[in-house]
Amino acid sequence: MARYIGLFRVAVSVNNLQQMLNEVLASCNFDVIYETGDYLMAREIPGRVAFNQLVVVEVLIDKTTATDREVRMKFVIKNEELPLQVDNHCRQVFNQVSEAISTSHHWKLIEAVAG
């Protein structure tokens with residue numbers, strides 16, 4: 001199973017974050033399938049790759065440290081594909097989502113750590 005993790009700290013109000021995340025993920029070809037106040041799960045829209053390559057994004061919003069001005073988020077991007085190549089589909093999607101978060105006009109990126 002391919003799995004990539006990104007930690008992001010952005011300057012935005014936690015009250016507006018869910019809707020903005022939905023828009024950013026939609027721009028990356030994801031459909032939100034589940035969300036609560038501090039968790040969001042989205043699935044890649046089928047059609048471009050094989051079923052086992054479809055990527056799931058889980059976003060954990062750290063509300064314990066969130067303020068009106070900044071929020072920390074942990075992104076877990078994974079699929080069932082074995083990561084036999086460095087540049088596999090899951091890695092490409094991880095790079096695309098990371099770029100979308102970093103350059104989004106909805107917030108200002110303060111810190112990003114990819115793992």
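Please treat every number below as a calculation from the coordinates, not as lab data. Because the structure is predicted, anything quoted here is derived from the model rather than measured. So basically every Cβ, Gly included, is an ideal-geometry build from the backbone, and we count neighbours across all protein chains shown.
Could you derive backbone 3J(HN,Hα) for region 43-52 from the dihedral phi with the Karplus parameters 6.51, -1.76 and 1.60 (θ = phi - 60°), listing whole Hz in sequence and x where the residue is Gly or Pro?
Coupling constants for region 43-52: 10, 5, 5, x, x, 9, 9, 5, 4, 5 Hz.
Quick check: from the Cα gyration tensor, does region 57-107 come out rounded (a/c under 1.5), prolate or oblate?
It is oblate, given that a/c is not under 1.5 and a/b is not larger than b/c.
Given that just one value was derived from the coordinates, which of (1) 41, 25, 24; (2) 36, 27, 26; (3) 44, 34, 16 is Cα extents along the principal axes in Å?
Evaluating Cα extents along the principal axes in Å on these atoms matches (1).
Can you give the angle from 0 to 90° between the axis of helix 89-103 and the longest principal axis of the chain, with both taken from C-alpha atoms, to the nearest 10?
20
Measuring from label point to label point, each 7 Å out along Cα→Cβ, what is the Glu35 to Arg3 span in nm?
2.5
Once amide H atoms are built 1.01 Å from N in the peptide plane, which residues 5 or more positions from Glu81, or in another chain, come under 5 Å H to H?
Distant-sequence amide H within range of Glu81: Ala2.
What residue among Ile45, Ile101, Ile33 has the largest mean-square fluctuation in a Gaussian network model of the chain, using Cα springs under 10 Å?
Judging by the Gaussian network model, the answer is Ile33.
Divide by every residue of the chain the summed helix terms, -39500 (n - 2.57) for each DSSP H run of at least 4, and state the resulting mean residue ellipticity at 222 nm, rounded to the nearest 500 deg cm²/dmol. Don't skip to the end; give the middle numbers.
Details: 2 runs with 29 residues, N = 115.
Helix contribution divided over all residues of the chain: -8000 deg cm²/dmol.
Mean separation of Cα pairs under 8 Å and 6+ residues apart, divided by the residue count of region 40-115: what relative contact order is that in percent?
Computed value for region 40-115: 22 percent relative contact order.
Between 0 and 90 degrees, rounded to the nearest ten: what's the tilt of helix 14-27 against the longest Cα principal axis of the chain?
With rounding to tens, the tilt is 30 degrees.
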